[in-house]
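To start, the structure itself, in structure tokens.
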Amino acid sequence: MVLLMTYYPEVQKKLRQEIETQIGDRMPTHEDRNRCHYVMAFITETLRFRNIVPMGVPHKAVVQSTIGICCRNDEDWQKGSEFRPERFLDSEGQFMTTRPKAYIPFGVGRRVCLGEKLAIADLFLVLVRFLQSTQDYDIVLDSNCGIDADPNIADAFNPYDYKIFHI
Ligand code: HEM
């Protein structure tokens, strides 16, 4: 999340603006998720864009299957290779509670992640506290760093080593 918000400064700005207007300086609560539509869309898009599903214990496919379904371009994802939190907001800017079937950052079926609800709740609180406690700074990415995945790390979307600064 930190890498993505530095690579897309306008996203970082929108996150900060929403937190400032909806929460301010007080501690965030779980209920704040209902009014922080952009923050929730950002978390959801991060989990789609760089999901950890391929790092799991390998499973055997019982039927021919296509992998990489979170990032392909098709009827589920328009411009699936782009990072766009807005894809999870409706025309009124409300966070959408229904998602395409292809959204499976927590896996699917019998072995689906048991911790999904806890993980989302924690990601929200940690992200909001991080942005609140850095509200006097911009978090910026070293100009030599990008967000591309390191091809030397098999089966995962790990980024290359990168440096960030606050200014
Ligand atoms: C952003 C955070 C997390 C992500 C993206 C994530 C994702 C996943 C994925 C992809 C799987 C594998 C599903 C499969 O094998 O098909 C999994 C399994 C699992 N996760 Fe998570 N997880 C997260 C956080 C958590 C947390 C916080 C907990 C517990 C408190 C947790 C507990 C589990 C357990 C117990 C399984 C194994 C389920 C099984 O094999 O029956 N996860 N998770």
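Since every read-out is calculated from the coordinates, none of them should be taken as a lab result. Quick caveat: nothing in here was measured; it's all calculated off a predicted structure. A quick note on method: Cβ atoms are made from the backbone with ideal geometry, for glycine too, and the neighbour counts reach across all protein chains shown.
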### Task
Quick one: which residue in 31, 20, 45 is more than 23 Å from residue 83 (Cβ to Cβ) and outside any loop (DSSP other than H, G, I, E, B)?
31
### Query
What do you reckon, is residue 116 farther than 18 Å from residue 36 by Cβ and acidic (Asp, Glu)?
yes
### Message
Being among the β-branched types (Val, Ile, Thr), more than 19 Å from the chain's Cα centre (by Cα) and surrounded by 16 or more Cβ atoms within 10 Å (Cβ to Cβ) is the filter here; which residues of segment 18-43 pass it?
### Response
23
#### Entry: Whichever residue in segment 87-113 is among the basic types (Lys, Arg) and within 16 Å of the ligand (Cβ to nearest atom) and, among such residues, is nearest to the chain's Cα centre (by Cα)
99
### Message
Please go through segment 83-113 and give me each residue that is assigned to a helix (DSSP H, G or I) and acidic (Asp, Glu), ordered by number.
### Response
86
## Note on the structure
Within segment 114-167, the count of residues that are surrounded by 14 or more Cβ atoms within 10 Å (Cβ to Cβ), part of a helix (DSSP H, G or I) and within 16 Å of the ligand (Cβ to nearest atom) comes to 8
### Message
Residue under question is residue 84, and the condition is that it be under 15 Å from the mean Cα position of the chain (by Cα), more than 16 Å from the ligand (Cβ to nearest atom) and on the phi < 0 side of the Ramachandran plot; does it hold?
### Response
yes
